[in-house]
Amino acid sequence: MPHHKNTSADFWRRVHKTDSCWEWQGARLKGKRPYGKLTWELVHTIRAMHAQGIQHRTIAAMLGMSRSTIHAAIMGKTWRTP
């Protein structure tokens with residue numbers, strides 16, 4: 001199976017935006033989360049979404065991750081700027 005690099009463009013291709021909702025269109029592959037490992041690019045995207053007012057739980061649901069993972073990335077508890 002080829003290694004797939006996570007990018008913000010890849011992420012945004014899986015989001016369907018409407019006036020009232022941002023629906024995550026990504027699929028889980030064989031029970032695994034497609035974004036099981038965060039990258040700097042994905043962390044920047046998560047932080048940008050949060051800056052736009054999207055709640056931690058919504059981001060977590062969109063990515064199939066825990067709220068604590070999203071919170072830690074947003075707050076800089078993990079993924080601190082070098």
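For Q52, the conditions (1) modelled with pLDDT under 75; (2) loosely packed, with under 11 Cβ neighbours inside 10 Å are fulfilled apart from (1).
Inspect region 52-64 for any residue being free of Cβ contacts under 8 Å to residues at least 12 places away in the same chain, farther than 14 Å from W22 by Cα, of a type in the set (G, A, S) and not in a helix (DSSP H, G or I) and give the result as yes or no. No; the residues of region 52-64 include none that is free of Cβ contacts under 8 Å to residues at least 12 places away in the same chain, farther than 14 Å from W22 by Cα, of a type in the set (G, A, S) and not in a helix (DSSP H, G or I).
The values are calculated or read from the model by the stated rules, or taken from the named source; none is laboratory data. Only a predicted model underlies this, so the values are computations on that prediction, with no experimental measurement involved. In this analysis, Cβ positions are derived from the backbone assuming ideal geometry, glycine residues included, and neighbour counts consider all displayed protein chains.
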